[in-house]
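Take a look at the structure set out below.
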Amino acid sequence: MAVCIAVIAKENYPLYIRSTPTENELKFHYMVHTSLDVVDEKISAMGKALVDQRELYLGLLYPTEDYKVYGYVTNSKVKFVMVVDSSNTALRDNEIRSMFRKLHNSYTDVMCNPFYNPGDRIQSRWALLPVSDPVQVGPAFCVLLPSFCRTCLAILVAKMQPFGKQGRKGLFKL
Amino acid sequence: MSVPDYMQCAEDHQTLLVVVQPVGIVSEENFFRIYKRICSVSQISVRDSQRVLYIRYRHHYPPENNEWGDFQTHRKVVGLITITDCFSAKDWPQTFEKFHVQKEIYGSTLYDSRLFVFGLQGEIVEQPRTDVAFYPNYEDCQTVEKRIEDFIESLFIVLESKRLDRATDKSGDKIPLLCVPFEKKDFVGLDTDSRHYKKRCQGRMRKHVGDLCLQAGMLQDSLVHYHMSVELLRSVNDFLWLGAALEGLCSASVIYHYPGGTGGKSGARRFQGSALPAEAANRHRPGAQEVLIDPGALTTNGINPDTSTEIGRAKNCLSPEDIIDKYKEAISYYSKYKNAGVIELEACIKAVRVLAIQKRSMEASEFLQNAVYINLRQLSEEEKIQRYSVLSELYELIGFHRKSAFFKRVAAMQCVAPSIAEPGWRACYKLLLETLPGYSLSLDPKDFSRGTHRGWAAVQMRLLHELVYASRRMGNPALSVRHLSFLLQTMLDFLSDQEKKDVTQSLENYTSKCPGTMEPIALPGGLTLPPVPFTKLPIVRHVKLLNLPASLRPHKMKSLLGQNVSTKSPFIYSPIIAHNRGEERNKKIDFQWVQGDVCEVQLMVYNPMPFELRVENMGLLTSGVEFESLPAALSLPAESGLYPVTLVGVPQTTGTITVNGYHTTVFGVFSDCLLDNLPGIKTSGSTVEVIPALPRLQISTSLPRSAHSLQPSSGDEISTNVSVQLYNGESQQLIIKLENIGMEPLEKLEVTSKVLTTKEKLYGDFLSWKLEETLAQFPLQPGKVATFTINIKVKLDFSCQENLLQDLSDDGISVSGFPLSSPFRQVVRPRVEGKPVNPPESNKAGDYSHVKVSVKYSCFFLS
């Protein structure tokens, strides 16, 4: 189960970071921040490889006592870092890989949003990141959608009148 | 063995450990002066051979670490140098006794020792002794270095004899079993005759000989011995010593591969720094020969008889990759033993240093990660700090700046852990400052002014809070104020409303003791904290320089300059000039300010805070002209919209004035905010010409002011309305008082009048004045009053027109509104206006006769 997901810009500042145990958020900030050292090192090590052959998934960055930190880097050098509970043995490399792939897709969706300025913090009013559910990370990562301006939101809500019935997941399948 | 030496590096394996200690009362200063001189003798070439000895000096060494000397000989204290003060001969025996006591501590391992006595003179000094050197004082001791060299040579002789003794030990039947302190009880009652036991003894001894060879400067030999030892120990599963043998192998290989050293302490440590590895190998060949003096000794011990082939093979020395593999193996063996935690930790550190040189950061970080988890016994707080600092340094070494900062911060927090009786806030603060680059945080607000802040806000905010707290506990409120202002200024967007309140609350508390200034604060470490102007409290969006009010606006008099207004260029048109003017227009505003007059600048500000913001002492920062700024205080409501604020000041000299910015005092912090540094500010130019002071005239009349203005002010002129009611034939004097309220003498006065009515003929010319009388009082000095009298005489001519009466009666009824007004009453309402310009045409004539009396005044400058 991912306990923390972070999207980090090319210049190594966080675009998005959210963790499920919100009471100790700072701990995960530190964890993700220090993991960037390893990410940098791994990127510089594979810098020579051909672009199309490059593996985006960086693998395990480092284990700590309670958590494992995994990394992923897009071709535009945006990094994804995921912290998972090390007690969870169900998550193998393949699951982590697919979670990252979903995350990447969601991130691409965010980039496609005309209201989003690349480089801005990704803000979300939908604080329902189900990081505890690995299968859901992908589709529900639409929470990454930036906060809409009020009018847009109003239009959206007007269109999606049965907000409660349809659930939030359906909201973005416009 | 409980105290790890975090500074160890692989090449320490070839050093001899010498402890230098004071005996009795020796001042720290004197001791370290001598200690420094002793330390300068860190390597010497042994005479008659090409071998080099390396010495490691310590002024403190825990004796329990000494007990591990058999395990790794570089941990063994082989030399002791004591330094003592002794001023009289009768203290001498006592001092000498102390020296012996000191010797006892490391007695079991010492090869030799020396006593340096300072201050003693007399016959004792005359007796030549090898183990004691006398010096009259701490200045006069030139031979210290020579003495140390002799001492080291004597150490070498012992070392060499031990080495040869062990290496050629023919009494093969009984090799003593070397063991580490915690093993001793395990071997009680073991069958000493078994093959297994013998092999173990041989392997350990071989490893020991390898250590000695390495110390004696015989690298190749040591490699051979280590290799043999590894094979022996592997066969008997003696893991701890196998680990040590492997580590020895690594150390020797590191020394071979990296003559520059891995500790980074002294680059030119070995062989004047220039010896190539191949050369170094050759130099060691003589040593390698020596071991072959008696090859029989080796065979009798059941070791590979043909060592000569092994010496020749390159595989003796590990390749750089192998070094790391072997280190890994050694560490994994060490980790089987709880009591060898220190050894394991030190091995990790050594490996990391090697990897750092090899630039293999990822693997190095794995070793460090392992080192973090090595659980030593309960560490004291000081040791914890040391451990975290070293981890931080090592991470820095391999280029992991963030991780390094993390551990440094942990070390800083450890300095002030609640369990420490006297928290080291100063040390904590210093360490925290060192973490700043790791968190990509600079304390210069200028780095943040461009656009939005991009960084690890949550982490950085935490760090800033800690800096504030540490500096406060250090008793330096100025620093806390600076850091807190920085926090507020740069992290404003990330603070929650409650946090904003808390931060400002504490900032106000601090500034009540120590107001924030604009001075840079220099820290002892050479860092300076630049001032933090609050450009966001309040946020200024728009700056506009205002023209003077219409009454005070200067007007150029054409007559004065006459035809003299000519361009400086002889050309009628020049594109260059036009271009210049266009450029100037960007910055310069096309109105003027007047010296001595109050000038205004309007700022549009807003308050981003969720509470009322009190801004005090808000004034302008200008340059170019002496400017007396009149500060204002304002209070902005919570999260206000744009709010206009007018800042005023008086230019004291003439020239071109540039408004550079403004200063404020918010929460007790003074800030100078320069417009250039403000992001997203709109300004319509900030440079204005200040012209010399002009006179000011105040006009008052004897007649009461009219309640309603008959003519709207057109903006260009200043008017005062007075009204008077007169009967036909009646006359009245209107006295106009002209007071010079400026600082300049008034020199010229012009008066014109105009009756604004279509019925001019009807009323005739009823105003008359004598200007000469008034002009006689000119030039009017400042503060002086001149009077100007206008006679109003009403004489209506009823004879000319029929409908006059009708008109008048209409007037009377419709306008005056007096119920008692008779048709024969004439209402005249003259209007006197003091104005500096020609009156414009007004069509609002009609019922009354409006009279405009224009007063023009001016002064001349003889410039």
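The values are calculated or read from the model by the stated rules, or taken from the named source; none is laboratory data. In this text, all values refer to a predicted model and were calculated from it rather than measured experimentally. Ideal geometry is used to build each Cβ from the backbone, glycine not excepted, and the neighbour counts take in all protein chains shown. Please note that ligands, DNA and RNA were not included when accessible areas were found on the heavy atoms of the full protein model with its side chains. Shrake-Rupley method; radii C 1.70, N 1.55, O 1.52, S 1.80 Å.
The residues of the stretch B:378-433 have, on average, 46 Å² of accessible surface per residue, using a 1.4 Å probe with all protein chains present. Mean separation of Cα pairs under 8 Å and 6 or more residues apart, divided by the residue count, gives the stretch B:440-532 a relative contact order of 33 percent.
I need the peptides B:222-229, B:518-525, B:365-372, B:548-555 ranked by packing, meaning the mean over residues of other C-beta atoms within 10 angstrom, with the highest value on top. It would help to have the intermediate numbers written out before the result.
On the way: B:222-229: 28.0, B:518-525: 12.0, B:365-372: 20.1, B:548-555: 14.2.
Going from most to least packed, we get B:222-229, B:365-372, B:548-555, B:518-525.
Surface calculation, 1.4 Å probe, protein heavy atoms: B:Arg166 sits at approximately 70 Å² accessible. According to the Kirkwood relation over distinct C-alpha pairs, the hydrodynamic radius of the stretch B:440-532 is 13.5 Å. A Förster distance of 22 Å, applied to the separation of the beta-carbon atoms of B:Asp590 and B:Met518, puts the FRET efficiency at 0.10. Summed over both chains, the contact between A and B buries some 2100 Å² of accessible surface at a probe radius of 1.4 Å.
If the viscosity is 1.567 mPa s and the temperature 4 °C, what translational diffusion coefficient in µm²/s does Stokes-Einstein give for the stretch B:62-164 when Rh comes from Kirkwood over Cα pairs?
Details: Rh = 14.9 Å.
Estimated via Stokes-Einstein, D reaches 87 µm²/s.
Using the Cα centre of the stretch A:12-95 as the reference point, and only Cβ charges (+1 on K/R, -1 on D/E), how large is the resulting charge dipole? Debye, rounded to the nearest 20. Can you show the working numbers first?
Working: 9 positive and 12 negative charges, 62 e Å.
That gives a dipole near 300 debye.
Of the solvent-accessible surface of the stretch B:440-532, computed with a 1.4 Å probe over protein heavy atoms with every protein chain present, carbon and sulfur atoms account for 49 percent.
On average, how many beta carbons from a partner chain sit within 10 Å of the beta carbon of a residue in B:359-366? Intermediate results must be reported in sequence, preceding the final value.
Numbers: counts 0, 2, 7, 7, 0, 1, 5, 1.
For peptide B:359-366, the averaged partner shielding equals 3.
Over all directions, the projected convex hull of the C-alpha atoms in the stretch B:378-433 averages 3.6 nm² in area.
Distant-in-sequence amide contacts of B:Thr656, defined by a placed amide H-H separation under 5 Å and a gap of 5 or more residues or a different chain, comprise B:Val690. Per-residue Karplus couplings for the stretch B:775-788, computed as 6.51 cos²θ - 1.76 cosθ + 1.60 with θ equal to phi - 60°, are listed in order as 5, 4, 7, 8, x, 7, 6, x, x, 7, 10, 10, 10, 9 Hz, Gly and Pro entered as x. Relative protection proxy for B:660-671, B:478-489, from highest mean packing down: B:478-489, B:660-671 (other beta-carbon atoms within 10 angstrom). Between B:Ile105 and B:Arg33, the FRET efficiency from the beta-carbon distance, with R0 = 30 Å, is close to 0.80. Applying a threshold of 20 Å to the alpha-carbon distances of A:Lys77/A:Lys102; A:Lys102/B:Lys403; B:Lys185/B:Lys350 flags A:Lys102/B:Lys403; B:Lys185/B:Lys350 as lying beyond it. Here each label is just a point 7 Å from Cα along the line to Cβ, and for B:Asn617 and B:Val372 those points are 4.7 nm apart. Which whole-angstrom value gives the distance between the alpha carbon centres of the stretch B:467-497 and the stretch B:190-235? If you average the Cα positions of each part, the centres end up 60 Å apart. Annotation: per residue accessible area for the stretch B:440-532 equals 45 Å², rounded to a whole number [probe 1.4 Å, protein chains only].
Distances between placed amide hydrogens fall under 5 Å for B:Arg696 paired with B:Ile741, B:Gly742, B:Met743, B:Glu744, all partners being 5 or more residues away or on another chain. Calculated FRET efficiency, B:Lys446 to A:Tyr57, Cβ-Cβ distance, R0 = 35 Å: about 0.35 to the nearest 0.05.
Mean partner shielding of peptide B:402-415, defined as the number of other chain Cβ atoms within 10 Å of each residue Cβ, is 2.
Estimated translational diffusion coefficient (Stokes-Einstein, Kirkwood radius over Cα pairs, 20 °C, 1.002 mPa s) of the stretch B:1-86: 152 µm² per second.
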